[in-house]
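The values are calculated or read from the model by the stated rules, or taken from the named source; none is laboratory data. All of these numbers come straight from a predicted model, not from anything done at the bench. Heads up, the Cβs are rebuilt from the backbone with ideal geometry, glycines too, and the neighbour counts pull from every protein chain shown. To get the accessible areas, we keep the full protein, side chains included, count just its heavy atoms, and leave off ligands, DNA and RNA. Shrake-Rupley method; radii C 1.70, N 1.55, O 1.52, S 1.80 Å.
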Amino acid sequence: MADIETFKQENRVFAPPAELVKHAAISGMEAYQALNAEFAKDYEGTWARLAKDNLKWHKPFTQTLDESNAPFYKWFADGQVNVSYNCLDVNLENGNADKTAVIFESDDGKVTRVSYRELHQKVCQFANGLKSLGIKKGDRVVIYMPMSVEGVAAMQACARIGATHSVVFGGFSAKSLHERVIDAGAVAVLTADYQVRGGKQLALKSIVDEALAMGGCDTLKHVVVYKRAGAEINWVEGRDLWLSDVLANQSDVCEPEWVDAEHPLFILYTSGSTGKPKGVQHASAGYLLWAVLTMKWTFDIKPDDVYWCTADIGWITGHTYIAYGPLAVGATQIVFEGVPTYPNAGRFWDMVARHKATIFYTAPTAIRSLIKAADADEKVHPKQYDLSSLRILGSVGEPINPEAWMWYYKNVGQEKCPIVDTFWQTETGGHMISPLPGATPQVPGSCTLPLPGITAAIVDETGNDIPNGNGGILVVKRPWPSMIRTIWNDPERFKKSYFPEELGGNIYLAGDGAVRNKETGYFTITGRIDDVLNVSGHRMGTMEIESALVANSIVAEAAVVGKPDETTGESICAFVVLKRPRPTGEEAKQIAKELRDWVAKEIGPIAKPKEIRFGDNLPKTRSGKIMRRLLRVLAKGEAITQDVSTLENPAILDQLKEAQ
Ligand code: WT7
C-alpha cells in the first residue's frame with residue numbers, strides 16, 4: 001500500500017456531479033469564494049450573521065468575539081442558548097415532530113425508529129430524572145455508555161439541564177475511566193450493564209465498579225445503569241440506580257436551562273504528546289453553530305437525507321456528527337450499535353441498502369479492512385448490495401490513502417458520490433479542511449481547502465508563512481466559534497499546547513504537518529508532528545503507552561513509536577528493556593503477551609502494542625536521549641543509514657530488530 005509520500009504526486013481530479021452542485025448549500029466554487037470573500041471583508045460580522053441565522057437564541061448576543069483574554073477567546077458571550085432546545089424543541093416547532101430522528105439498529109439487527117417528538121420526550125424525562133438526583137447546571141456527568149438512543153439522550157439530557165458531560169469511550173479501561181472521573185470531578189456516571197458488539201456481551205458496569213473502587217472519586221454520588229443485556233451485575237446499594245427507575249414517573253416536559261453561550265457543554269479527553277490525557281473543553285453556542293454549519297456545508301444535509309455516521313459517541317465525531325449536528329438540522333440518522341464485520345463484513349453495505357442511506361461517513365481504517373474482506377470474499381463486496389441511494393461519502397480520523405479513496409469512490413460511491421475527506425480534531429469541534437460536495441473538485445488523499453471562515457495556513461517553526469509546495473506546520477490564524485476553550489483544570493497547558501510562544505502565542509497549533517499543492521493550494525496532511533499516534537483513527541500519546549509499560553514492575557524502560565500499517569494506518573511498536581535479562585524464544589513471547597494485556601488494563605485494548613521488541617538497552621545519544629528516529633527506522637524494518645557512532649552499544653540494534 002502506498003506510503004503517505006505518494007499523496008504529493010496525486011493528480012487525478014474528480015469534479016462533483018452537476019446535479020449535486022445545482023442544489024448544494026454551497027453551490028460551485030464561486031459560492032465558496034463568495035463566502036470566503038465575505039469573511040475576508042468582515043470576519044466577525046459574518047460569524048455574527050451566521051450565528052443569528054442558524055441558532056435560536058434565548059437572549060441575543062451583542063458582542064461577537066471577545067479577544068480581551070486571548071487565547072481564551074469568547075464567542076457570542078452575552079447571548080444565551082440551550083443546545084438541547086436547538087436540537088429538539090426547534091424541530092417540534094418546525095414541523096419535524098413526526099419525522100424520524102434516529103433509526104437505531106442493534107448489533108443483532110433489530111431496528112427501532114424514534115421520532116423527534118419521542119426523542120424530545122425521552123430527553124426531557126432523562127433530564128428530569130437527572131434533576132431528581134440533584135444534578136444541576138455546572139455539574140459534571142461522566143457517560144460510559146454503548147452506542148444507543150439512551151447514550152445520545154444522556155448527552156442531550158445533560159445539555160438540557162446545563163450539566164457538562166464527559167463521554168468516555170466504552171473501550172477504555174477502569175483505570176482510564178477512574179482518571180477521567182477524578183479529573184472532571186464528576187457527580188454521576190451514566191453507564192449500562194453491558195455493551196453488545198459483534199455478538200458478544202462486554203461488561204461496562206463492572207468496569208465502572210472497578211474504577212470507583214480505586215478510590216478518590218470523592219465527588220461521585222450516583223451510578224445510573226441502563227439495562228441493555230439484562231445479565232446479572234454487581235450492585236452497590238445507595239450508589240447504583242437503574243435508569244428505568246430514575247425515569248419512572250418523570251414528566252416528559254422539561255424547561256431547558258438557559259445558559260451563557262460560553263457555558264461548557266462538554267469535556268472530552270484526548271491524548272497529547274506528553275502527560276495525561278487532556279480534558280478538551282467546548283463551549284455551547286459556538287460549538288453548536290459550527291456543528292450546524294458543517295452539517296449544511298460539508299454534508300449538504302437536506303430534509304430527505306438518511307444520514308449515517310459510523311463513529312462512536314465516545315469520540316468527538318460521535319459528539320458533533322451524531323449527538324448534536326444531525327439533530328440540530330432536523331436530519332434522519334442511523335445509529336448503529338455494532339461493528340462493521342458482524343455478522344459479516346458486508347454489514348455496512350447491507351445497512352446502507354436496507355435503510356437507503358444517502359450520506360455515509362466513516363473512517364479510512366474501516367474502509368481498508370472492508371477492502372481486505374471484500375478481496376477475500378466476493379459475498380461481502382459492496383457490488384453485491386444496492387447502494388444506489390448514496391449521494392455523498394465522507395472520511396474522517398486519519399489520512400486516507402489514494403488506493404482506499406479510489407476503492408471507496410468506485411465501489412461504494414459508484415463513481416457518482418463526492419468524497420468529503422474531512423480534516424479536523426477533538427479540539428476543533430468540527431470540520432476544518434474538507435471538500436464541499438457541491439463545489440470542490442476532489443483529489444484522492446487531499447482534504448483540499450479550508451471551510452469558509454477557517455483561516456488554516458502552513459508556517460515554519462517561527463510562525464512565518466511558507467510557500468505552497470513546501471511542507472510545514474498546520475495552524476489556524478484566527479479564532480473560530482467551535483474551537484477548544486481550555487483544557488479542563490489546566491489553562492497553562494492549554495496555552496502551551498495550542499498557542500505556543502514560538503509561533504507568536506496567538507495562532508492555533510494543530511499538531512499536524514501539512515503541505516499545500518503549488519497549483520491548487522490544496523492541503524495534504526502529512527501526519528502528526530508530535531509524539532501522538534493515530535491507530536485506526538484512535539489518537540494515542542506515545543508517552544501514555546510508555547508510562548503504562550514502565551508501570552509494570554518487570555519493565556525498566558520503554559519507548560514507543562508508530563509504524564506504518566496497511567489496515568490501521570499506524571500501529572504501535574514498543575521497545576522494552578526489562579529489569580531482568582533480555583528474554584528470547586518462548587519466554588519473550590510469553591512476556592510480550594503479558595505486557596500487551598497489561599497495557600489493555602492500564603489504558604484500554606486500543607492501546608495494545610502490535611509489536612514488542614526486547615533489548616538489553618535502548619539506543620541513546622551521549623546525553624542519554626532515546627534516539628526515536630532510529631527506533632522508527634528499526635520498526636519499519638529498514639536499513640539504518642544514520643550515524644550510530646555515538647551509540648553506547650551498537651549491538652543492541654540487532655536485538656531490537658526481532659519483534660514479538
Ligand atoms: C487527528 C485528530 C477528526 C475527528 C476524529 C479524530 C488526524 C483527522 C484527518 C483527515 C488526515 C486526519 C490528524 C488530527 N486526522 N482527520 N481527514 N486527514 N488526518 O479526532 O482523535 O482528535 O484526532 O486525527 O492527525 O490531528 P482526534
ask   = Which one of these does residue 488 not meet: (1) more than 28 Å from residue 34 (Cα to Cα); (2) within 13 Å of the ligand (Cβ to nearest atom); (3) in contact (Cβ under 8 Å) with a residue 60 or more places away in the chain?
value = (2)
task = Could you tell me which of the residues 415, 427, 403 is more than 19 Å from residue 292 (Cα to Cα) and either free of Cβ contacts under 8 Å to residues at least 24 places away in the same chain or within 10 Å of the ligand (Cβ to nearest atom) (or both)?
result = 415
ask   = Out of curiosity, is residue 258 among the aromatic types (Phe, Trp, Tyr), closer than 20 Å to residue 177 by Cβ and away from the ligand (no atom under 16 Å from the Cβ)?
value = no
ask   = In the list 640, 612, which residue meets the criterion of being aliphatic (A, V, I, L, M), within 36 Å of the chain's Cα centre (by Cα) and not in a loop (DSSP other than H, G, I, E, B)?
value = 612
inquiry  = Looking at segment 476-487 only, could you name the residues that are surrounded by 23 or more Cβ atoms within 10 Å (Cβ to Cβ) and under 22 Å from residue 521 (Cβ atoms)?
reply    = 480
note = Checked against (1) within 12 Å of the ligand (Cβ to nearest atom); (2) under 23 Å from residue 468 (Cα atoms); (3) open to solvent by 20 Å² or more (accessible area, probe 1.4 Å), residue 536 satisfies every condition except (2)
ask   = Has segment 432-444 got at least one residue that is touching a Leu at 6+ places or on another chain (Cβ under 9 Å), outside any loop (DSSP other than H, G, I, E, B) and away from the ligand (no atom under 14 Å from the Cβ)?
value = no
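Yes/no per residue for (1) closer than 26 Å to residue 501 by Cα; (2) touching a Lys or Arg at 6+ places or on another chain (Cβ under 8 Å); (3) at pLDDT 95 or above; (4) surrounded by fewer than 23 Cβ atoms within 10 Å (Cβ to Cβ):
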position	(1), (2), (3), (4)
373	no, no, yes, yes
379	no, no, yes, yes
392	no, no, yes, no
436	no, no, yes, no
452	no, no, yes, yes
472	yes, no, yes, yes
ask   = Could you list, in sequence order, the residues of segment 504-559 that are under 18 Å from the mean Cα position of the chain (by Cα) and among the aliphatic types (A, V, I, L, M)?
value = 509, 510, 525, 532, 533, 535, 540
request  = Could you look through segment 504-516, keep only residues that are among the hydrophobic types (A, V, I, L, M, F, W, C) and touching a Ser or Thr at 6+ places or on another chain (Cβ under 7 Å), and pick out the one that is nearest to the ligand (Cβ to nearest atom)?
outcome  = 514
query = How many residues are open to solvent by less than 40 Å² (accessible area, probe 1.4 Å) and at positive phi if we restrict to segment 174-225?
reply = 3
remark   = Heads up, the helices (runs of 4 or more DSSP H) in segment 1-94 (entirely inside) with at least 3 residues that are open to solvent by less than 30 Å² (accessible area, probe 1.4 Å) and closer than 18 Å to residue 293 by Cα are 28-41, 43-54
request  = Looking only at segment 631-641, decide whether some residue is among the basic types (Lys, Arg), crowded, with 16+ Cβ neighbours inside 10 Å and under 28 Å from residue 527 (Cα atoms).
outcome  = no
query = Any idea which of 325, 314, 397 is open to solvent by 10 Å² or more (accessible area, probe 1.4 Å), within 16 Å of the ligand (Cβ to nearest atom) and touching a residue at least 40 places away in the same chain (Cβ under 8 Å)?
reply = 397
remark   = Of the residues in segment 226-267, those that are among the aromatic types (Phe, Trp, Tyr) and either surrounded by fewer than 15 Cβ atoms within 10 Å (Cβ to Cβ) or free of Cβ contacts under 8 Å to residues at least 60 places away in the same chain (or both) number 2
request  = Please specify each residue of segment 621-630 satisfying the condition of being open to solvent by 40 Å² or more (accessible area, probe 1.4 Å) and outside any loop (DSSP other than H, G, I, E, B).
outcome  = 626, 628, 629
query = Mind checking which residues of segment 343-372 are within 16 Å of the ligand (Cβ to nearest atom) and over 22 Å from residue 298 (Cα atoms)?
reply = 368
ask   = Does segment 538-545 include one or more residues that are touching a Phe, Trp or Tyr at 6+ places or on another chain (Cβ under 6 Å) and assigned to a helix (DSSP H, G or I)?
value = no
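Condition check ((1) crowded, with 22+ Cβ neighbours inside 10 Å; (2) within 16 Å of the ligand (Cβ to nearest atom); (3) under 30 Å from residue 284 (Cα atoms)) across all residues:
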| site | (1), (2), (3) |
| --- | --- |
| 492 | no, no, yes |
| 518 | no, no, no |
| 526 | no, yes, no |
| 542 | yes, yes, no |
| 551 | no, no, no |
| 558 | yes, no, no |
| 572 | yes, yes, no |
remark   = When residue 513 is run through (1) free of Cβ contacts under 8 Å to residues at least 60 places away in the same chain; (2) in a helix (DSSP H, G or I); (3) surrounded by fewer than 19 Cβ atoms within 10 Å (Cβ to Cβ), the failure sits at (2)
message = Out of everything in segment 346-367 that is open to solvent by 10 Å² or more (accessible area, probe 1.4 Å) and assigned to a loop (DSSP other than H, G, I, E, B), what residue ends up being farthest from residue 313 (Cα to Cα)?
response = 356
ask   = Of all residues in segment 263-278 being outside any strand (DSSP E or B) and among the polar types (S, T, N, Q), which is farthest from the ligand (Cβ to nearest atom)?
value = 274
request  = Give the residues of segment 447-485 that are of a type in the set (S, T, N, Q) and touching a residue at least 60 places away in the same chain (Cβ under 8 Å), sorted by residue number.
outcome  = 448, 482
